[in-house]
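Heads up: the structure comes next, in structure tokens.
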Amino acid sequence: MGDHGNEKNNAPELSGYFTHRKIPDAISSYEDSRYAVFGVPFDNTSSYRRGSRLAPDYVRQAYGNLESYDVAYNVDFTEVPVCDLGDLGESEDVREVVDEVEYVSGRILKDGKIPVMIGGEHSITVGAVRNLKGSSMIIIDAHSDFRDSYMGNELNHACVTRRALDILGPDRIVSIGTRSTSKEEFLSGRKDEVWFLPASEVRKKGIESLFPEIEKFLGEKVYFSIDMDGIDPAYAPGVGTPEPYGLKDTDVQFLVRKLSKKTLAFDVVEMTPVYDNGNTSVLAAKLIQDFIGSRESKKTF
């Protein structure tokens, strides 16, 4: 009932007061969009520093400080059809969350759009990968994440590369930035089915000299997953499981630019704002913009 007892629908008026945070450049409707952004606020299997469930809105907030035009790409992001669907509902059940990500990303792909997922922890990536059998995958990660199970859970964030291997099969995944692996993973007998490219080798040879082999390995259809801890803590301190001696931020930008036009789906995960000084959230936001910008640009990188 409205004023004076008259029935009235106040929803349109109130909608101006209640909004979920969106990426500022995401001004298109879902129907008109080419990219569909969504957040997954989940970190229930995180094994060290929790807080990545808070990341989607922090990344969106940091994105608001970026210019809508990027001269490097000659792209005005307000003219790119991007929508932001908001966040999936929070849950404590990793199976439920992974299944929901599978459904949502699957629908986005079937509608001919590019899913851009903001985590949350790395376990959520498994749901999206389920929709991309037959493609290859590039992972930026400090850890091999190759345990068959961790803490009694095969969908733990420490198992994401192993689960992706189960889905995609051997010789389809390159994990770049690796510098931490357990003896169990090292002796698993299946480690050679994934190309683990250590951060030390990237530093020694340079990402540009390694790229032709990476590109050949991946082929024409790629899922791109960025665990922010793959980047050195000097550039990305706000992560759940930091490891020193990592990749440079520009190494990852280089790969995003080179592979964006082959990428069918993209995610940025494991940013933990509780431990951030602002660097990690804005870097995550910029990598999303780099992905969209280089994919839309007429320039060659």
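The values are calculated or read from the model by the stated rules, or taken from the named source; none is laboratory data. Remember, predicted model here, so these are calculated numbers, not experimental data. We place every Cβ from the backbone using ideal geometry, glycine too, and count neighbours over all the protein chains shown.
Data overview
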item: Qualifying residue in the range 60-67 (condition: farther than 23 Å from Ile226 by Cβ and of a type in the set (Phe, Trp, Tyr)); result: no
item: Some residue of the range 50-73 being over 30 Å from Gly112 (Cβ atoms), more than 18 Å from the chain's Cα centre (by Cα) and modelled with pLDDT under 85; result: no
item: So Val126, is it part of a helix (DSSP H, G or I) and within 17 Å of Gly240 (Cα to Cα); result: no
item: Top-ranked residue in the range 28-43 [being crowded, with 18+ Cβ neighbours inside 10 Å and of a type outside the set (Gly, Ala, Ser); ranked as modelled with the lowest pLDDT]; result: Asp43
item: Unique residue being buried (at least 17 other Cβ atoms within 10 Å of the Cβ) and either modelled with pLDDT under 95 or in a helix (DSSP H, G or I) (or both) when the list is Lys216, Lys286; result: Lys286
item: Any chance Leu155 is farther than 24 Å from Thr280 by Cβ, in contact (Cβ under 8 Å) with a residue 40 or more places away in the chain and either assigned to a loop (DSSP other than H, G, I, E, B) or polar (S, T, N, Q) (or both); result: yes
item: Those residues of the range 169-201 which are surrounded by fewer than 21 Cβ atoms within 10 Å (Cβ to Cβ), assigned to a helix (DSSP H, G or I) and not aromatic (Phe, Trp, Tyr), in sequence order; result: Lys183, Glu184, Lys191, Asp192, Glu193, Ser200, Glu201
item: Matching residues, the range 256-277, being more than 8 Å from Phe224 (Cβ to Cβ) and crowded, with 24+ Cβ neighbours inside 10 Å; result: Val268, Val269, Glu270, Met271, Thr272
item: Tabulated pairs, the range 207-232, first free of Cβ contacts under 8 Å to residues at least 60 places away in the same chain and more than 10 Å from Asp141 (Cα to Cα), second polar (S, T, N, Q) and surrounded by 14 or more Cβ atoms within 10 Å (Cβ to Cβ), C-beta under 9 angstrom, 6+ apart or interchain; result: Glu220/Ser135; Glu220/Ser136
item: Odd one out for Phe186 among (1) among the aromatic types (Phe, Trp, Tyr); (2) modelled with pLDDT under 95; (3) closer than 25 Å to Tyr275 by Cα; result: (3)
